[in-house]
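**Q** My questions all concern the structure below.
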Amino acid sequence: MKHLQSNLTHLANTLGIPTSFEISNDALWASIEDTNALEEFAKGLQRMHARVCMITCARVDKGHDILYHFDIKGVLFNLKLHLKTPHLPSITPLFESANWAERELSELYGIALESHPNPSKLFIDESIKEAIYEAYVPLSSAMNGEVSRHLWEKVKMAQGENNG
Amino acid sequence: MAESKCILGPFDVALEEPVYFNITPNADGKTIQSVEMINGFVHRGMESIVLKRNFLQNLIITEKVCGLCSNNHPFTYCMAVEKLSHITIPRRAAYLRVIADETKRVASHLFNVAMLAHLLKRHSLMGSLLEAREHFQDIKEQIWGNRMDLSANVIGGVKYDLNSEKIAFMKEKMALTRTALEAIVHIFETDESLKKRIQGVGVLPHEKALSLGVVGPVARASGVNNDVRFCAPYAVYDALSFKVITRSEGDVYARAMVRLYEIFESMSLLEQAFNSLPKGEIALHVKSVVPKGEATSRSEAPRGELMYYLKSNGTQKPERMKWRVPSYMNWEALKVMLKGNAIEDVALIFNSIDPCISCSER
């Protein structure tokens, strides 16, 4: 793992990407700030025969956190990228293994993929807009008395947004 | 010939789970030009549900993601929680986790190959495979009290134990399965009509297996070894010896043979685990609050690499929890496997990736 840590540090330095690679919980972790640097860094990972195992997306206060989970010769490398706007350059042209993971995060979080070869939805019918689960209130919440005030605040807030 | 489309679904033609396949035939009307899939019929939003439950409750939910891999989900989830909590489980518990997992692998692989025999209309062979599997179903019922969900794992260890009588029972049943399996493998290796029917069908070349990132027996049948037990050992796999079964043909036959030979390896792992099972505790007492942090964990499920990501903010519930199942990586490979193949081979090829829709959609 330390050998890989050294190789990745060299790759980031060569590309002028400011980051550090930490070993924690049996995996390597790093984060990059610049979305534009992703493609160049991903090309370097492709040369190292990386495989995309999974991509995790999470909504955070200002935007989204995207966490790429790569396998490089049995070592797990987790690369975090913070998105301020819901636009993400696709790495599927470099890694076919990222195909479904990118489409899923686009579908569930409403993130637009740039240069994805097939950005169609995976799970939700094409007639339903993206990020629908975030916009609608699930029945379990709607029927839960404890959350009624919070629920109506959300609905009123949405109405306020719609009314401008 | 006018363009025609063949729509199969919503039930998977091999496994009766809901997925739509839109298959476009070539001009000859007999072979396949392309295939598209429409999923989402059993999407349950489980990654959202788990954020509303505490870490202990989520253990039960992970057991319900899927039936055939229902041990790997809690197993892998527990490993992620234990990493975050800096817990090292007792050695005996780690062995017991491997025993539960390899038992499930044997039953899962036998079921898949039995379905292949069913699709080939070789019902005597299918019966033999299911009878061989039934010994492992008996094991599951006797040891864990359930023929599908073992409920073996807890955070910090396991909640079942073995004694000499139970181990003797498992060994006795394994011997019956081994004898039956030797005869079944002999049929697969010598029955020329069977081989001719599935050899060269649904080929996934080595390069495509690598680029698509397929996992499990689908990868190994195309010569790609990304078996997590071998490449990134967990539990006690580094203390046990086993052979990773790979083949080069990448067809339906190769995928079946990989599974059949992996059953022998699983039974060897079980034997080794029985013989070196250390004494000691089976679980640690664990608090329900997990420290702040994030962790990833992986295991080799019957269909391949299963991965979990867990983020805790120090409360009783996870801040983010995500998992990726093996079938998720293998669906796209169908497009390669099906292209140019005969339409009557569709079911055989679908079955050969041993797809799990319930897992894929969560």
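**Q** Could you please rank A:11, B:181, B:204, placing first whichever residue has the fewest other Cβ atoms within 10 Å of its Cβ? The partial results should precede the final answer.
**A** Details: A:11 18, B:181 25, B:204 29.
Final ranking by Cβ density, sparse to dense: A:11, B:181, B:204.
**Q** So, one more: How do the peptides B:58-71, B:188-201, B:33-46, B:301-314 rank, highest first, by the average count of neighbouring beta carbon atoms within 10 Å per residue?
**A** B:301-314, B:58-71, B:33-46, B:188-201
**Q** If you find the alpha carbon centre of segment B:291-362 and of segment A:45-96, how far apart are they in angstrom?
**A** Their Cα centres are 17 Å away from one another.
**Q** How crowded by other chains is A:51-60, given as the mean number of beta carbons from other chains within 10 Å of each beta carbon? Walk me through the intermediate numbers first.
**A** On the way: counts 10, 3, 11, 12, 3, 12, 2, 5, 1, 2.
Across A:51-60, the average partner-chain Cβ count within 10 Å equals 6.
**Q** Take residue B:195 and residue B:207, extend 7 Å from each Cα along the Cα→Cβ direction, and tell me the distance between the two endpoints in nm.
**A** Reported label-point gap for residue B:195 and residue B:207 is 2.8 nm.
**Q** In whole Hz, what ³J(HN,Hα) sequence does segment A:78-92 give by Karplus (6.51, -1.76, 1.60; θ = phi - 60°), x for Gly and Pro?
**A** 9, 10, 9, 9, 9, 9, 7, 10, x, 9, 9, x, 6, 9, 4
**Q** For segment B:229-288, which trypsin sites (Lys or Arg not before Pro) are in a loop by DSSP, counting at most 10 other Cβ atoms within 10 Å? Write down the numbers at each step before the final one.
**A** On the way: sites: B:229, B:243, B:247, B:255, B:259, B:279, B:287; in loops: B:243, B:247, B:279, B:287.
Hits after loop and neighbour filter: B:279.
**Q** Considering every pair of different Cα atoms, what Kirkwood radius, in Å, is found for chain B?
**A** Working: mean 1/r = 0.0474 Å⁻¹.
Hydrodynamic radius (Kirkwood, Cα pairs) of chain B is 21.1 Å.
**Q** How large is the direction-averaged shadow of the alpha-carbon convex hull of the protein assembly as shown, in nm²? Present the calculation step by step, with values, prior to reporting the outcome.
**A** On the way: hull surface 105.8 nm².
Result: 26.5 nm².
**Q** Can I ask one more? Could you bin all the Cα-Cα distances of segment A:2-130 into 10 Å bins starting at 0 and give me the percent of pairs in each, rounded to whole numbers?
**A** Taking all Cα pairs of segment A:2-130, the binned fractions are 12, 45, 33, 8, 1 percent.
**Q** Still on this structure, please answer the following. Take each of the peptides A:84-97, B:215-228, average the number of other beta-carbon atoms within 10 Å over its residues, and list them starting from the highest.
**A** Details: A:84-97: 18.1, B:215-228: 25.5.
Per-residue Cβ counts within 10 Å, averaged per peptide and sorted highest first, yield B:215-228, A:84-97.
**Q** Here is a further query. In the structure displayed, which of B:173/B:196; A:62/B:292; B:52/B:159; A:73/B:335 lie more than 23 Å apart, Cα to Cα?
**A** On the way: B:173/B:196 33 Å; A:62/B:292 20 Å; B:52/B:159 25 Å; A:73/B:335 26 Å.
Exceeds cut-off: B:173/B:196; B:52/B:159; A:73/B:335.
**Q** Quantify how strongly other chains surround peptide A:93-100 by giving the mean number of their Cβ atoms within 10 Å of each of its Cβ atoms. Write out the running numbers ahead of the final one.
**A** Working: counts 0, 1, 3, 8, 8, 1, 5, 8.
The per-residue average across the peptide is 4.
**Q** Which semi-axis lengths, in whole Å and largest first, follow from the square roots of five times the eigenvalues of the Cα gyration tensor of segment B:219-292? Walk me through the numbers on the way to the answer.
**A** Details: eigenvalues 201, 62, 19 Å².
That gives 32, 18, 10 Å for the three semi-axes.
**Q** Continuing with this model, one more query. How big is the antiparallel share of DSSP beta bridges in segment A:2-130, given as a percent to the nearest 5?
**A** Numbers: 21 of 29 bridges.
Roughly 70 percent of the DSSP beta bridges within segment A:2-130 come out antiparallel.
**Q** Can you list the residues, at least 5 places off or on another chain, whose amide H is less than 5 Å from the amide H of residue B:154, using H built in the peptide plane?
**A** Counting only residues 5 or more places away or on other chains, the set is B:159.
**Q** Between residue B:31 and residue B:124, what FRET efficiency follows from the Cβ-Cβ distance if R0 is 25 Å, with the result rounded to 0.05? Write out the running numbers ahead of the final one.
**A** Numbers: r = 30 Å, r/R0 = 1.21.
For residue B:31 and residue B:124, the calculated efficiency is 0.25.
**Q** Now, a different point. Calculate one ³J(HN,Hα) per residue across segment B:307-323 by plugging θ = phi - 60° into the Karplus curve 6.51 cos²θ - 1.76 cosθ + 1.60, and present them in order as whole Hz with x for glycine and proline.
**A** Karplus-based 3J(HN,Hα) across segment B:307-323 equals 10, 10, 10, 9, 10, 10, 9, x, 9, 7, 10, x, 7, 8, 9, 9, 9 Hz.
**Q** Another question about this same structure. Sorting A:77, B:136, B:230 on the 10 Å Cβ count, fewest up front, what's the list?
**A** Numbers: A:77 23, B:136 27, B:230 15.
Exposure proxy ranking, most exposed first: B:230, A:77, B:136.
**Q** What ³J(HN,Hα) values, in whole Hz, does the Karplus curve 6.51 cos²θ - 1.76 cosθ + 1.60 give for segment B:186-200 when θ = phi - 60°, with x put for Gly and Pro?
**A** The phi angles translate into 4, 4, 5, 8, 10, 7, 5, 5, 5, 4, 4, 5, 10, 6, x Hz.
**Q** For residue B:140, give me every one of the aspartates and glutamates with a C-alpha distance below 18 angstrom, ignoring sequence neighbours fewer than eight places off in its own chain.
**A** Straight-line reach from residue B:140, under 18 Å: B:63, B:101, B:102, B:131, B:149, B:161, B:165, B:172, B:271.
**Q** Per DSSP H run of at least 4 residues, take -39500 (n - 2.57); add these up for chain B, divide by its residues and hand me the 222 nm value, nearest 500 deg cm²/dmol. It would help to have the intermediate numbers written out before the result.
**A** Working: 15 runs with 174 residues, N = 362.
For chain B, the value works out to -15000 deg cm²/dmol.
**Q** Does anyone have the angle between helix B:252-275 and the longest principal axis of chain B? Alpha-carbon axes, 0 to 90°, nearest 10?
**A** 20
**Q** By counting other Cβ atoms within 10 Å of each Cβ, how are B:248, B:299 ranked from fewest to most? If you can, show how the numbers build up before the last one.
**A** Details: B:248 11, B:299 26.
Least crowded to most crowded, the residues run B:248, B:299.
**Q** Let me ask you something else. Which entries of A:84/A:121; B:83/B:311; A:121/B:208; B:64/B:166 have Cα-Cα distances beyond 18 Å here?
**A** Details: A:84/A:121 23 Å; B:83/B:311 11 Å; A:121/B:208 23 Å; B:64/B:166 26 Å.
The answer is A:84/A:121; A:121/B:208; B:64/B:166.
**Q** Across the residues of B:292-298, average count of Cβ atoms on other protein chains within 10 Å?
**A** Details: counts 0, 2, 8, 5, 13, 4, 8.
Rounded to a whole number, the mean comes out at 6.
**Q** Hey, another quick one. Under 5 Å between amide hydrogens, which residues at least 5 positions from residue B:356 or on another chain qualify, with H placed 1.01 Å from N in the peptide plane?
**A** So residue B:356 has HN proximity to B:327.
**Q** So who's got an amide H within less than 5 Å of the one on residue A:54, skipping anything under 5 residues away but keeping other chains? H placed 1.01 Å off N, in plane.
**A** Sorted by chain and number, the residues that satisfy this are A:69.
Every read-out reported here was derived from the displayed coordinates using simple, explicitly stated rules and does not represent laboratory data. Keep in mind the model is a prediction, meaning the values are calculated, not measured. Cβ sites come from the backbone with ideal geometry, for glycine too, and all protein chains shown count toward neighbours.
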